[in-house]
1. Going by the conditions given, is GLY81 open to solvent by less than 30 Å² (accessible area, probe 1.4 Å) and either at pLDDT 95 or above or outside any loop (DSSP other than H, G, I, E, B) (or both)?
2. Report every pair of residues separated by at least 6 positions or lying on different chains whose Cβ atoms are under 6 Å apart, first residue within the stretch 37-53 and free of Cβ contacts under 8 Å to residues at least 40 places away in the same chain, second among the aromatic types (Phe, Trp, Tyr) and open to solvent by 20 Å² or more (accessible area, probe 1.4 Å).
3. When the stretch 106-131 is examined, which residues are found to be open to solvent by less than 30 Å² (accessible area, probe 1.4 Å) and not in a helix (DSSP H, G or I)?
4. Considering only the stretch 95-105, I want to know if a residue exists there that is closer than 19 Å to VAL66 by Cβ, open to solvent by 30 Å² or more (accessible area, probe 1.4 Å) and of a type in the set (Gly, Ala, Ser).
5. I want to confirm something. Restricting to the stretch 10-56 and keeping residues that are exposed (fewer than 14 other Cβ atoms within 10 Å of the Cβ) and at pLDDT below 90, which single residue is nearest to LEU143 (Cα to Cα)?
6. Looking at the structure I just gave you, is THR72 of a type in the set (Ser, Thr, Tyr) and either farther than 20 Å from ALA142 by Cβ or in contact with a Phe, Trp or Tyr (Cβ under 7 Å, 6 or more places away or on another chain) (or both)?
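The values are calculated or read from the model by the stated rules, or taken from the named source; none is laboratory data. Fair warning: this is a prediction, and the values are worked out from it, not measured in the lab. Cβ coordinates were reconstructed from backbone atoms using ideal geometry, including for glycine residues, and neighbour counts include every protein chain displayed. For accessibility, only protein heavy atoms count, side chains too; no ligands or nucleic acids. Shrake-Rupley method; radii C 1.70, N 1.55, O 1.52, S 1.80 Å.
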Amino acid sequence: MMQASPLNLRRAIIWTGRLILGGIFIYAGYSKIFLPIIHPYPPVGVALSFFAMQVDSYQLLPPWGVIFVAHTLPFAEVVLGLLLLIGWRVRIWATIVTLIMLGFFAAVVRSYALGLQINCGCFATPEPLTIKTVFRDGSLAALALLMTIFAFMEARKPHPWSSAEKA
């Protein structure tokens, strides 16, 4: 019996999605925690306060929700990015990343549709919310969704490098 190839389109998309989304999540979380655009680096509490202002500008959450998101999301992004890069339990982390990316995308589309003149807050830089931001977040959400679907599809099959079953 011929073994399946260890390389196929689904595995390539999973691998590419893990690298791209893992790297972006690590960078986004790091930039929100440490604000590398300001020299000397401000304390973490100040950086998170700046991020809280960006979260609040979306006009989606009550004050306690803004504080919670601003103080937890950057750390969660770094951890999720690392877990995607490591590749351990990919289906779990890909699902969580997909839900977060779909939430980001919905918030960006809503804000753009309402005509809010706000900063994106994606990478803790003063980047205005434009159609480019909408397309970028949409393509990353699509990549995350595709990666998650393919990770579940690949999990149903035996690993191509595993030994063949005896009859």
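1. Details: open to solvent by less than 30 Å² (accessible area, probe 1.4 Å): yes; either at pLDDT 95 or above or outside any loop (DSSP other than H, G, I, E, B) (or both): yes.
Answer is yes for this residue.
2. TYR41/PHE34
3. Initial filter on the stretch 106-131 (open to solvent by less than 30 Å² (accessible area, probe 1.4 Å)): 107-108, 111, 118, 120-122, 124, 129.
Result: ILE118, CYS120, GLY121, CYS122, ALA124, LEU129.
4. yes
5. Looking at the filtered set, the residue picked out is ILE37.
6. On the way: of a type in the set (Ser, Thr, Tyr): yes; either farther than 20 Å from ALA142 by Cβ or in contact with a Phe, Trp or Tyr (Cβ under 7 Å, 6 or more places away or on another chain) (or both): yes.
Here the answer is yes, as THR72 does meet what is asked.
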